[in-house]
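Taken together, the values in this text are just the output of simple stated rules run on the coordinates, not laboratory data. No experiment lies behind these values; they were computed from the predicted model shown. Cβ sites come from the backbone with ideal geometry, for glycine too, and all protein chains shown count toward neighbours.
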Amino acid sequence: MQDILKLIEKFEKLVQRESAIDADIQRLQAEAKDVATAIVDIRSEILRGLEALANPATHPTESTSNIQKARNVLRSMGSCAPLRVIVNNIAHLDLRGNDEEYNRQLMATLSSSLNSKVKKGVLFNRYKPYDGSEWVYGLIEWFGVDGIPHESKQVRLF
């Protein structure tokens, strides 16, 4: 009888150990899944970073200045554009196109920055295609000595 009790006790300990091992396996499987997800996320971030380095015009980073973003947007468009078009493109690239507060703030800061660059004669120039129109901005190398952009770089109004 004592042998049977010892076997039952041993059996119960083995069942408990099996349950503990099963719990450890489930915990490790969940941990492995979390690690695999983190690896995929990091890999995606690395690929986005490499893409951004290869093509900054379409993949701005948080550290890219608004002036750099504006320059990249104009280059990708290939022609001059009004400030609102530049802002909309930057907001779209920053994935914040529907954020009205962000767009308002970007409009104000970019307007100030672009006007400062224009006044200093650095990177950008601007012109009005017709009386009463809004300012249209372009890269300084697109403009002739008369302050008018080369025909291929002029804004397309219609």
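Using 1/(1 + (r/R0)^6) with R0 = 35 angstrom and r between the beta carbons of PHE11 and VAL35, what's the FRET efficiency to the nearest 0.05?
That pair, PHE11 with VAL35, gives E of 0.45.
Could you compute the longest span of the chain free of GluC sites (Glu not before Pro) located in DSSP loops and having at most 14 other Cβ atoms within 10 Å, not counting the site residues?
The reported range is 63-133.
Taking a quarter of the surface of the convex hull around the Cα atoms of the stretch 88-147, what do you get in nm²?
Value for the stretch 88-147: 5.0 nm².
Taking the alpha-carbon distance from LYS153 and a cut-off under 24 Å, which lysines remain once sequence neighbours fewer than 8 residues away in the same chain are dropped?
Partners within reach: LYS69, LYS117, LYS119, LYS120, LYS128.
So for the chain, what are the equivalent ellipsoid semi-axes in whole Å, largest first, each being the square root of 5 times an eigenvalue of the Cα gyration tensor?
Value: 66, 14, 11 Å, ordered largest first.
Can you work out ³J(HN,Hα) from phi for every residue in the stretch 138-145, in order, using Karplus 6.51 cos²θ - 1.76 cosθ + 1.60 and θ = phi - 60°, giving whole Hz and x for Gly and Pro?
Per residue, the Karplus-derived 3J(HN,Hα) values read x, 6, 4, 6, 7, 9, x, 5 Hz.
Per DSSP H run of n ≥ 4, the term is -39500 (n - 2.57); total these for the chain, divide by its residue number, and report the mean residue ellipticity at 222 nm rounded to 500 deg cm²/dmol.
Values: 4 runs with 97 residues, N = 158.
-21500 deg cm²/dmol, from helical runs alone.
Note down the relative contact order for the stretch 78-152 as a percent, whole number, built from C-alpha pairs under 8 angstrom at least six residues apart.
On the way: 75 pairs, mean separation 22.7, N = 75.
Relative contact order comes out at 30 percent.
Scan the stretch 119-156 for trypsin sites (Lys or Arg not before Pro) in coil per DSSP, keeping those whose Cβ has at most 14 other Cβ atoms within 10 Å, and list them by number.
Those satisfying the criteria are ARG156.
Of ILE21, ILE140, ILE39, which has the largest mean-square fluctuation in a 10 Å C-alpha GNM of the chain?
Comparing ILE21, ILE140, ILE39 in the GNM, the peak value goes to ILE21.
Among the chymotrypsin sites (Phe, Trp or Tyr not before Pro) within the stretch 104-134, which fall in a DSSP loop and have no more than 14 other Cβ atoms within 10 Å of their own Cβ?
Within the stretch 104-134, the qualifying chymotrypsin sites (Phe, Trp or Tyr not before Pro) (loop, at most 14 other Cβ atoms within 10 Å) are TYR130.
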